[in-house]
Amino acid sequence: ICTKCSSTMEAEFPQGTEDPSFAIEDFVAYAVGDGKWKTYLERASILVLCDAHRFLMPAESGGENSTRTMRALRDLAYMLPPTKSVAVLMGPYLGSLGDAERHVHRVPFPRPTLEELTTMVKDVGKRLEAKGKVPVDLNGHTEDLGAALAGLAMDEAVRVLKLAIVDQKELNASMAPILMAEKAMVMEQAAGIKVRTPRFTLDDVGGLDLLKSNIERLPKFLKQSAKDAGVRGPRGYLLGGPPGTGKSLVAEVIASAANVPLLEWSMGASKSKWYGETEGQVAEVLESAEAVGRCVLLVDEGEKQTSSGGGEGHEVTEGVMGTLLSWMQDNESDVILVMTVNHPEKLRTELVSRFDSKWFVDYPDVDACAAIIEIHTSRRGVTLEADELNCVAGLAEANKLCGREIEHLVEEVKREAFYDDREANMADLTAIISATRGLATQPKRKAAIEEMRAECAGQFKPAASKSGATTGPLKMEGDGLEIDL
């Protein structure tokens, strides 16, 4: 607690107060004094209450006499206005201040804009040129470096830029990737966000023709001409469906198609045991994403992070949901929120309704299985003829294998062949795929998936024109193989 007031304050104002409620009461008593105007002027003071959010938490959440502190704030709000004294409360997140709320002026501190970051880079470049210690060659690309720092607080941006200059011993336009990498580490530590460049494209997705066609159109909606025409692209993609069907891959492909960075956010990492701090951290993540500018914010397995229920953590989850829903409702930024869920039928209605692009990603049909197998075998140097590929794909579809299961089986075949010092072949794939039944064939899981499909029908668009959702026997003439699901 810091104070700045008249020279006589040290003698009259109690020093070393540890309890914030007593400090507030002492400050009010000192500022008011005998209630005369001359006293107000003589004792004009500023009380700065640092980390005020800690003092406003309930005792069961580790708060420090929060009830007494809240009462002290109410008295302060009532008694202080006639005086010339001011109280300043600081904290990363300040929830409701109760009866004192209507007397408070909240001052948010937004993250720096692209223009401010660009100006900062220019100023640093000018100072370096004046000193002549390191080469400076921005060549009109200062905005690129500013964009690479977007999402950081100004002091963080300055520190990241200076570290990069010290490491590279120069300042030039080609440093944007270095700044992006440094920014990723800072944002992961501060806001719990992983920032990375997308690794996959539409060519890495097997099947899902309808969803891929939609994603192909996305870049046009992101152009300035679309905004000028009053058209904007989807603000949120909700990808639901059984596990292993490629939802997380599609989320990355959306970022790749839009040519924007991918921000991975684990809501669990934003949750805190301290009252009100979780909502503040969630708000900070969303603010950081907005400051980055055009990007994809990915929430993987969203039903685990947004589900409601009683017990410990329920109030925290409600706070997270409230903050997220409000942001989604009012979001006018270039952030595209992508949420993947394995159980879309368990999501709250108010959350589902916020997404303007909802897709159900089902099990692959035989053609999609062939595409998935070809992608993974090609990556690993396994060559299959067209008829061999179709045969293996038929087995995979019949056994209800999802994309992830197919990938794991191809990897296993490659490992075994490598151990035996030989090349993997058709026989290896046929043997392992025909002997492996997918998780979707388990009776309980099968019933749950059918229920999921029924719940999502009409709300979610199918990601593929055909899927492997139907069940039935696969018969292959000539080899005596018959699989009945």
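Values computed for the structure shown
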| item | result |
| --- | --- |
| Over 20 Å between alpha carbons, listed pairs 346/444; 346/461; 414/466; 131/169 | 414/466 |
| For region 200-233 and region 77-155, distance of Cα centres in Å | 34 Å |
| For region 371-461, Kirkwood radius (reciprocal of mean inverse C-alpha pair distance, Å) | 14.3 Å |
| Summed side-chain charge close to residue 411 - residues other than residue 411 whose Cβ falls under 14 Å, Lys, Arg +1, Asp, Glu -1 | 0 |
| Net charge of Cβ neighbours under 12 Å - reference residue 365; Lys, Arg +1; Asp, Glu -1 | -2 |
| Sparse-neighbour loop sites [trypsin sites (Lys or Arg not before Pro); region 176-224; at most 16 other C-beta within 10 Å; DSSP] | 199, 217, 223 |
| Area projected by the alpha carbon convex hull of region 81-154, averaged over all directions, nm² | 8.3 nm² |
| R0 of 60 Å, Cβ-Cβ distance residue 19-residue 345: FRET efficiency to nearest 0.05 | 0.75 |
| Reach of residue 38 by Cα under 25 Å, taken over lysines that are not fewer than 8 positions away in the same chain | 4, 84 |
| Test item: Cα-centred dipole of region 316-421, Lys/Arg +1 and Asp/Glu -1 on Cβ, debye | 420 debye |
| Calculated Rg and Dmax of region 103-247 using C-alpha coordinates, Å | 19.9, 60 |
| Exceeding the 24 Å Cα-Cα cut-off - candidates 227/304; 212/358; 227/247 | 227/304; 227/247 |
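Read-outs throughout are calculated quantities, based only on the coordinates presented, and are distinct from any laboratory measurement. Nothing here was measured: the structure is a model prediction, and the numbers come from that model. As a convention, Cβ positions derive from the backbone with ideal geometry for all residues, glycine included, and neighbour counts pool all protein chains shown.
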